[in-house]
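The values are calculated or read from the model by the stated rules, or taken from the named source; none is laboratory data. These figures come from a predicted structure and were not determined experimentally. For neighbour counting, all protein chains shown are included, and Cβ atoms are generated from backbone atoms with ideal geometry for every residue, glycine included. With ligands, DNA and RNA removed, areas are computed over all heavy atoms of the protein, side chains included. Shrake-Rupley method; radii C 1.70, N 1.55, O 1.52, S 1.80 Å.
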Amino acid sequence: MKMNSEMDKLKAALFDLDGVVFDTEPQYTEFWGAQCREFHPEIPNLESVIKGQTLIQIYDKYFNGELQPKQAVITERLNEFEKQMAFEYIAGFEDFIKDLKDHNIRTAVVTSSNVPKMNSVYSKHPEFRRLFDTILTSEDFKNSKPDPDCYLTAARRFGVLPEECVVFEDSFNGLKSGRAAGMAIVGLATTNSPEDIQPYSDIVITDYKGLSIEKCNNLLS
């Protein structure tokens with residue numbers, strides 16, 4: 001195990017899940033495209049508008065009122081869909097997370113996904129839990145992104161300061177959450193364009209190839 005030097009400020013790397021650890025966004029676009037065409041044919045491309053929003057946020061805004069009874073139908077469909085999903089790591093992620101752990105940097109997943117969704121992940125990737133020191137799901141914090149609660153909760157769990165953390169996010173809500181928490185931000189252009197997420201990120205990447213701990217540490221300087 002390599003130790004951080006005294007000059008290194010990075011103590012914790014905090015990762016969103018979809019579009020950050022796994023390249024799942026195209027699959028969710030397919031799922032939500034079908035739901036939106038069925039229940040909201042009057043709003044073209046709604047599946048693009050709701051990217052990065054939590055299920056509660058989607059339901060509250062687009063499936064309330066007369067459509068509220070459909071929430072249970074969609075949830076059941078979503079649970080079945082996630083059981084069949086292919087969870088493929090973003091290119092370079094596995095090497096990068098190993099490097100973080102080799103340098104004694106704490107790692108966490110901070111996701112709005114729930115426990116049933118994570119159980120689908122674990123069934124496909126038995127090694128997943130060993131990659132991280134902790135995994136926080138929607139059951140572990142009160143307020144959803146863009147509120148900073150989830151990332152501040154992760155920092156407290158590790159006993160580190162926000163300014164010692166780097167957040168890895170792809171969605172606007174997630175990027176805003178990490179920024180509101182006072183943490184450095186690595187934006188992944190897997191869900192939105194590099195140009196669109198640049199204002200919310202310290203650096204923008206398309207995958208983890210070529211990303212080093214030194215680059216992340218420099219964000220905290």
Phi-based couplings in Hz for region 208-219 (Karplus 6.51, -1.76, 1.60; Gly and Pro marked x)
8, 5, x, 7, 10, 4, 4, 4, 5, 4, 5, 5
Under 5 Å between amide H atoms, partner at least 5 residues away or on a different chain: which partners does residue 91 have, H built in plane at 1.01 Å?
208
I need the GluC sites (Glu not before Pro) found in region 123-165, filtered to DSSP loop residues with at most 12 other beta carbons within 10 Å of theirs.
127
Expressed as a rounded percentage, what relative contact order does the chain have, with Cα pairs under 8 Å and six or more residues apart?
27 percent
Ignoring any ligand, DNA or RNA, what whole percent of the accessible area of region 148-200 comes from carbon and sulfur when the probe is 1.4 angstrom?
52 percent
Taking region 1-153, how many lysine pairs are there with alpha carbons less than 12 Å apart, if each pair must be eight or more places apart or span two chains?
5
Test of the criteria: in region 1-108, which GluC sites (Glu not before Pro) are in a DSSP loop and have at most 14 other Cβ atoms within 10 angstrom of their Cβ?
6, 42, 88
With no solvent and one equal point scatterer placed on each C-alpha of region 54-159, evaluate the Debye formula and give log10 I(q)/I(0) for q = 0.16, 0.18, 0.20 Å⁻¹, two decimals.
-0.87, -1.04, -1.19
Given a Förster radius of 22 Å and the C-beta distance between residue 49 and residue 203 as r, what FRET efficiency does 1/(1 + (r/R0)^6) yield to the nearest 0.05?
0.25
With each pseudo-label sitting 7 Å past Cα toward Cβ, what's the residue 142-residue 214 distance in nm, one decimal?
4.3 nm
Globularity index of region 114-221, i.e. its alpha-carbon radius of gyration over 2.2 N^0.38 Å:
1.09
Matching label, Rg and Dmax of the Cα atoms in Å computed from the structure shown, candidates (i) 18.3, 60; (ii) 17.4, 59; (iii) 21.4, 95:
(ii)
Before I look further, what does the chain give for accessible area per residue, probe 1.4 Å, in whole square angstrom?
49 Å²
Please check the chain for the longest run free of trypsin sites (Lys or Arg not before Pro) that are loop-located per DSSP (anything but H, G, I, E, B) and have at most 16 other Cβ atoms within 10 Å.
3-141
Beta bridges per DSSP with both ends in the chain, % antiparallel, nearest 5:
5 percent
For region 1-119, give the percent of accessible area contributed by carbon and sulfur heavy atoms, probe 1.4 Å, rounded to a whole number.
51 percent
Rounded to the nearest 500, the 222 nm mean residue ellipticity computed for the chain from DSSP H runs (n ≥ 4, each -39500 (n - 2.57)) alone is -11500 deg cm²/dmol
Express in Å², to the nearest 10, the accessible area of residue 153 obtained by rolling a 1.4 Å probe over the protein heavy atoms while all chains stay in place.
20 Å²
For residue 107, the residues 5 or more places away or on another chain with a placed amide H closer than 5 Å to its own amide H are 13, 133, 134
More than 18 angstrom apart: percent of Cα pairs within region 1-82:
51 percent
